[in-house]
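A short reminder: the numbers here are calculations on the coordinates, not readings from a lab. Please read all numbers here as calculations on a predicted model, not as lab measurements. Using ideal geometry, Cβ is built from the backbone for each residue, glycine included, and neighbour counts are taken over all protein chains shown.
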Amino acid sequence: MGIRGKGELLGALLALAAMLAAPVAAEAQQKVLRVVPQGEVKVFDPHQSQVNLTSMHAALVYDTLFSWDADMAPQPQMVESWTVSDDKLLYTFTLRPGLKFSDGSTLTTRDVVATLKRLFVRDSQIQSLASRVAALEAVDERIFTLRLKEPFRFVEFLLGGSNGIAGGIMREQEASTDPFKPIAEIVGSGPFRFVKDEYRPANKIVYEKNPFYVPRKEPPSGFAGGKVAKVDRIEFVIIPDAAVAVGALRNGEVDFIDSVSLDVAPTVASDPNIVVGEVWPIETYVVLRPNSIQPPFNNVKARQALAYMSDQREYMTAAYGDPKYWRECYAYWVCGSPNGTEAGSESFHHPDLEKARQLLIESGYKGEKVVLIGGADVPAYNNLTLVTADRLKKIGVNVDLQMSDWGSVSARRAKKDPPDQGGWNLFHTSANGAQLASPLASPSTIMTCDGKNFVGWPCDEEEEALRQKYIAETDPEKQKALVEAMHRRLWEVVPYVPLGQLKQPFLWRKTVSGVLKANTLVFWNIEKN
């Protein structure tokens, strides 16, 4: 966050107050929850991106067949009941009666089948399921079947998408579009609906309670259970400046700030009107991600150079400040999770710039520009990027630093074009650790060589063969041994560089209650007094 004069800050607060004041008459009797998101949502299609901003949007607008509960166990959501044949190959699902989209149209299995077919192409993390599907058919408007080529024990877990949200059911007309092109209309079957007419880029995104949504009866748990909308309207208010956002929270002009930077939380800790709380059940994971299909990081030695170049203590101090909020971690599947081994990482615990420089030379790098992109509007990402730019220069890299807003970075990172044609070489990101805690679905460690995996598109057939053995293995001890073997291999091929973990704070006013712990910030069950 930049340093601002008192007059400038006051002016920004007054401008914000004017924007939020005098709501339209229709809002006067409504309960409106105003939220400052981490950045601006720019990708609205959950099949195109799984950044947190897109996932927050998707959780509001779409519902899933199955949802992960607080323990990440799959629970039926849109599905009323299902059966599995004795040979474990045929699944028969029955939808809950009365499901509708937010435009009032009836949701049928035609929509479900079209969405799943698109998801199976687009969601790189669930290819272990998609590759085993022999047939997917609608029987009638409420019943559909899924036939497998071989038994697979994670069907229900992955039908919600690899992050528990990406599998949100779309209308057939949207789901039938090219999986690699964003949908044109945002119409879902979730507890809220997107208000297109009030969308103001760089200013405000509005959602309102979906009058056609009927929640389940079970209590809410994670993404599962009853998704009861207890406010009438949710407004994402885009405020890039953290000081202005906190000022708005103190004044009651906004109600909630999503994933604030760690230097902000202590400034409001003593405010009796504000809660400093946690949402994500597992610590946030911070990474430096290279593009493995573009030089120089298509060469494993260049990726190893990044690992030897990196100093987790420097990165985390620059981005997150006081060490009491963060820790070093060299586990690809998250320290503190059941798969949190650090095996194979030992030689990377201490930076070695000379070794990094030598590996870079051996990779064939000859001074070409390396495009480093970063989100300047997210203070932590801005600082991480500046540290990397400095350390890259120390090992002889010709750095082309290109900063923009995080929403633009999120969209750009999906491009496979050469860096000088709109692509990229490196960027930083973070995610709640729950999404990355398993070899089954962590997008960052799927190493298929088909170019369909997560951005960065790392490829290693040996690692992927081990992962497939892990997926098929049922013996817990053998699974554990495979996790160790996979982890050692990951530190040999370095798909990305872990930079540490932190406990991510969220801020909300004490007039807000019912905030759930989930892998993505969700807004059902939240009340505003």
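Estimated translational diffusion coefficient (Stokes-Einstein, Kirkwood radius over Cα pairs, 25 °C, 0.890 mPa s) of the chain: 103 µm² per second. Taken about its Cα centre, region 236-305 carries a charge dipole of about 600 debye when Lys and Arg each add +1 at the Cβ and Asp and Glu each add -1 at the Cβ. The C-alpha atoms of region 432-528 occupy a region whose extents along the principal axes are 53, 31, 24 Å, arranged from largest to smallest. Along the axis of the charge dipole computed for the chain (Cβ charges of +1 for Lys and Arg, -1 for Asp and Glu, origin at the Cα centre), the listed residues 312, 244, 372 are led at the positive end by 244. Taken one residue at a time, the phi angles of region 59-74 give Karplus couplings (6.51, -1.76, 1.60, θ = phi - 60°) of 5, 6, 8, 10, 10, 10, 5, 10, 10, 7, 7, 4, 9, 6, 9, x Hz. Gly and Pro are set to x. The alpha carbons of region 210-320 give a radius of gyration and a Dmax of 20.5, 55 Å, in that order. Taking the Cα centre of region 471-529 as origin and assigning +1 to Lys and Arg Cβ atoms and -1 to Asp and Glu Cβ atoms, the resulting dipole is close to 480 debye.
Take the Cβ atoms of residue 481 and residue 362, set R0 to 30 Å, and the FRET efficiency comes out at 0.40.
Sorting 365-372, 516-523 by their mean Cβ neighbour count within 10 Å, with the most densely packed peptide first, gives 516-523, 365-372. The simple spin-label model puts a point 7 Å past each Cα toward its Cβ; for residue 398 and residue 150 those points are separated by 4.8 nm.
Within the shell defined by Cβ-Cβ distances under 13 Å, the residues around residue 147 carry a net charge of 0, with Lys and Arg each +1 and Asp and Glu each -1. Between residue 421 and residue 184, the contour length at 0.36 nm per residue exceeds the Cα-Cα span by 82.8 nm.
So which of 355/517; 217/478; 480/503; 209/510; 301/480 end up more than 31 Å apart, counting from Cα to Cα?
Numbers: 355/517 42 Å; 217/478 39 Å; 480/503 26 Å; 209/510 22 Å; 301/480 28 Å.
Over 31 Å apart, Cα to Cα: 355/517; 217/478.
For region 87-236, the fraction of C-alpha pairs more than 18 angstrom apart is 63%. Across region 37-54, rounded Karplus estimates of 3J(HN,Hα) from the backbone phi angles (6.51 cos²θ - 1.76 cosθ + 1.60, θ = phi - 60°) give x, 4, x, 9, 5, 10, 10, 9, 8, x, 7, 8, 7, 10, 5, 4, 5, 5 Hz, Gly and Pro being marked x. Rounded to whole numbers, the Karplus 3J(HN,Hα) couplings from phi for region 499-516 are 10, x, 9, 8, 8, 7, x, 10, 10, 8, 6, 5, 6, 9, 9, x, 5, 8 Hz, using 6.51 cos²θ - 1.76 cosθ + 1.60 with θ = phi - 60°, and x at Gly and Pro. Fully extending the segment from residue 273 to residue 143 would add 41.9 nm, taking 0.36 nm per residue of separation and subtracting the current Cα-Cα distance. 5 Å is the cut-off here: which amide hydrogens, built 1.01 Å from N in the peptide plane, fall below it relative to residue 67, excluding neighbours closer than 5 in sequence? Excluding prolines and chain starts, which carry no amide H, the hits are 75, 77.
Here residue 131 and residue 90 are evaluated by their C-beta separation; at R0 = 22 Å the FRET efficiency comes out at 0.80.
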